[in-house]
Amino acid sequence: MGKTVSYLEMTAPGELRPAEAVAGLGLARLDRSSPLVRTVQARVGADYGWDSATRTEDQWEAKIRAHPLRQYWLVTHEREPAGVAYLEPQPGGDVEIVAFGLLPAYVGKGLGGYALTLALRQAWDTEPVEAEALRRVWLHTCSQDHPNALRSYEKRGLRRYRVEVE
């Protein structure tokens with residue numbers, strides 16, 4: 001059987017079902033030139049076969065240049081890197097969460113739901129591109145990501161709108 005890719009969306013900030021707050025967990029904006037953009041995402045995705053885990057420096061530079069509007073957010077716990085939440089505003093009022101996940105040391109510790117809550121709130125606070133207001137936040141996940149990813153996204157209020165089998 002192939003890989004299943006699920007696309008999920010939220011069309012209003014009020015659809016967010018926030019997780020209980022976790023003390024010490026936050027988001028910190030990273031400058032696109034920060035080495036943490038590359039290293040943390042690569043470590044988050046290594047166990048799931050993300051391309052970022054094997055990208056060369058030249059490939060990273062090309063990727064960053066190709067996405068000038070992408071925002072790089074570091075999930076922090078007690079001010080230490082704990083994961084990533086990368087957001088990309090798109091024309092028409094969409095914001096894509098292009099990367100979200102926790103470092104292996106933070107998985108299974110009850111942080112993911114609130115980290116996702118913070119990422120979704122930040123996405124809804126993003127300035128719209130070529131639109132007067134944001135109309136949706138979306139992301140995709142696949143059957144090779146963490147086994148709880150899809151359930152966690154739906155628990156926060158994201159709805160599946162398309163499923164593909166590759």
task = State which residue is farthest from residue 83 (Cα to Cα) when the search covers only the stretch 18-44 and only residues that are assigned to a loop (DSSP other than H, G, I, E, B) and of a type in the set (Ser, Thr, Tyr).
result = 33
request  = Any chance you could count how many residues in the stretch 46-78 are within 21 Å of residue 89 (Cβ to Cβ) and either in contact (Cβ under 8 Å) with a residue 60 or more places away in the chain or surrounded by fewer than 11 Cβ atoms within 10 Å (Cβ to Cβ) (or both)?
outcome  = 4
ask   = Among the listed residues 119, 115, 85, 105, which satisfies the condition of being closer than 22 Å to residue 24 by Cβ, of a type in the set (A, V, I, L, M, F, W, C), loosely packed, with under 14 Cβ neighbours inside 10 Å and modelled with pLDDT of 95 or more?
value = 105
request  = Could you give me the residue pairs with C-beta distances under 6 Å whose first residue belongs to the stretch 17-32 and is closer than 23 Å to residue 157 by Cα and without any contact (Cβ under 8 Å) to a residue 12 or more places away in the chain, whose second residue is open to solvent by less than 50 Å² (accessible area, probe 1.4 Å) and not polar (S, T, N, Q) wherever it lies, and which are 6+ apart or on separate chains?
outcome  = none
inquiry  = Among the residues of the stretch 150-164, are any modelled with pLDDT of 95 or more, open to solvent by less than 30 Å² (accessible area, probe 1.4 Å) and among the aromatic types (Phe, Trp, Tyr)?
reply    = yes
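Tally the residues that are open to solvent by less than 80 Å² (accessible area, probe 1.4 Å) and either touching a helix residue (DSSP H, G or I) at 6+ places or on another chain (Cβ under 8 Å) or of a type outside the set (A, V, I, L, M, F, W, C) (or both), restricting the search to the stretch 14-36. Walk me through it before giving the result.
Start the filter on the stretch 14-36 by keeping residues that are open to solvent by less than 80 Å² (accessible area, probe 1.4 Å), which leaves 14-16, 18-19, 21-22, 24-28, 30, 32, 34, 36.
Cutting the leftovers down to either touching a helix residue (DSSP H, G or I) at 6+ places or on another chain (Cβ under 8 Å) or of a type outside the set (A, V, I, L, M, F, W, C) (or both) gives us 14-16, 18-19, 21-22, 24-27, 30, 32, 34.
So the count comes out to 14.
The values are calculated or read from the model by the stated rules, or taken from the named source; none is laboratory data. For clarity, every value in this text was computed on a predicted model and none was experimentally measured. Note: ideal-geometry Cβ built from the backbone for every residue, glycine included; neighbour counts use all protein chains shown. For accessibility, only protein heavy atoms count, side chains too; no ligands or nucleic acids. Shrake-Rupley method; radii C 1.70, N 1.55, O 1.52, S 1.80 Å.
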